[in-house]
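Participant: Attaching a single structure in structure tokens format; questions to follow.
The values are calculated or read from the model by the stated rules, or taken from the named source; none is laboratory data. Just so we're clear, the structure is a prediction, and the values are computed from it rather than from any experiment. We place every Cβ from the backbone using ideal geometry, glycine too, and count neighbours over all the protein chains shown. With ligands, DNA and RNA removed, areas are computed over all heavy atoms of the protein, side chains included. Shrake-Rupley method; radii C 1.70, N 1.55, O 1.52, S 1.80 Å.
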Amino acid sequence: MAAHTLAAASLMLTLTASSLAAQSPAPAQPRPRPPQTYPAFLQAQYASLKRYITRSAETMPAEHFPFKPAPEVMTYAGLLGHIIDVQYGFCNAVKGGANPAAGKALDTLTDKAALVPAVKDAFAYCDDAFAALTNENALEMLTIGTPPNQRHVARANQLTMVITHGNEHYGNLVTYLRIHGIVPPSSTPQ
């Protein structure tokens, strides 16, 4: 009789477990992510750079824009101006036409009131160059400069330089912010 009771108990346990398993929803399967193309990667990196540099300009108090940590380096304002001046050049090579920053000496701007909108304008100028980057046009060769300094570079190379140059100098901005006890945008929650 004990064997029948044990078998019945085992059967009941199996049926109960099967019933519970049938009632529990299956765990959600993660959606497969599409492969990340090089243009999509650059666009994501650019979006981060845009957010970090713009927020850096907005976050630093106006009285610290003339600050420089050593006599031989740029001021905070000068560094922001340099970043966007060079950025215009890289994006203009992709977009063509007249460079809207030509003759503006952005690297000589000194005050926050002028630089914050200038930073936003520079990124707005580059936005469509990044948005238009595709697998089909990423390796399209562009002619940069004038003879005898003319060269040919891929469209994606020019846009990669916006990110490379911007990140290099974002690292400098971080140091300037930290010296003044300000947490940089890349270290603050989104």
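Participant: Answer yes or no: is there a residue in the stretch 75-90 that is closer than 23 Å to Val153 by Cβ, touching a helix residue (DSSP H, G or I) at 6+ places or on another chain (Cβ under 8 Å) and among the polar types (S, T, N, Q).
Facilitator: yes
Participant: Evaluate the stretch 74-91: report whether one residue or more is in a strand (DSSP E or B) and open to solvent by 10 Å² or more (accessible area, probe 1.4 Å).
Facilitator: Looking for residues that are in a strand (DSSP E or B) and open to solvent by 10 Å² or more (accessible area, probe 1.4 Å), one finds none in the stretch 74-91, hence no.
Participant: Further, regarding this structure: Consider Ala118 carefully, then state whether it is open to solvent by less than 20 Å² (accessible area, probe 1.4 Å), assigned to a helix (DSSP H, G or I) and within 14 Å of Ala93 (Cα to Cα).
Facilitator: No, not satisfied.
Participant: Here is a list: Gly166, Gly145. Which entry is surrounded by fewer than 17 Cβ atoms within 10 Å (Cβ to Cβ) and out of contact with any Pro (no Cβ under 8 Å at 6 or more places or on another chain)?
Facilitator: Answer to the selection: Gly145.
Participant: Those residues that are within 15 Å of Tyr76 (Cα to Cα) and open to solvent by less than 20 Å² (accessible area, probe 1.4 Å), I need them from the stretch 41-53; list them, please.
Facilitator: Within the stretch 41-53, Ile53 is the sole residue that qualifies.
Participant: Looking at the stretch 132-142 only, could you name the residues that are open to solvent by less than 80 Å² (accessible area, probe 1.4 Å) and in contact (Cβ under 8 Å) with a residue 24 or more places away in the chain?
Facilitator: Answer for the stretch 132-142, where residues must be open to solvent by less than 80 Å² (accessible area, probe 1.4 Å) and in contact (Cβ under 8 Å) with a residue 24 or more places away in the chain: Leu133, Thr134, Ala138, Leu142.
Participant: How many residues are without any contact (Cβ under 8 Å) to a residue 24 or more places away in the chain, over 19 Å from His82 (Cα atoms) and of a type outside the set (A, V, I, L, M) if we restrict to the stretch 170-186?
Facilitator: Of the residues in that region, 2 qualify.
Participant: Quick one: Met141 ticks every box in (1) of a type outside the set (Ser, Thr, Tyr); (2) within 16 Å of Ala57 (Cβ to Cβ); (3) in contact with a Lys or Arg (Cβ under 9 Å, 6 or more places away or on another chain) bar one, so which box is it?
Facilitator: (2)
Participant: Sticking with this structure for a sec: List, please: which pairs have Cβ atoms under 8 Å, are six or more places apart or on different chains, and start with a residue in the stretch 35-55 that is more than 14 Å from His169 (Cα to Cα) and end with one that is small (Gly, Ala, Ser) and open to solvent by less than 30 Å² (accessible area, probe 1.4 Å)?
Facilitator: Tyr38/Ala138; Tyr38/Ala156; Pro39/Ala138; Pro39/Ala156; Leu42/Ala156
Participant: Looking at (1) in a helix (DSSP H, G or I); (2) in contact with a helix residue (DSSP H, G or I) (Cβ under 6 Å, 6 or more places away or on another chain); (3) among the aliphatic types (A, V, I, L, M), which one does Val174 not meet, given that it meets all the others?
Facilitator: Val174 satisfies all of (1) in a helix (DSSP H, G or I); (2) in contact with a helix residue (DSSP H, G or I) (Cβ under 6 Å, 6 or more places away or on another chain); (3) among the aliphatic types (A, V, I, L, M) except (2).
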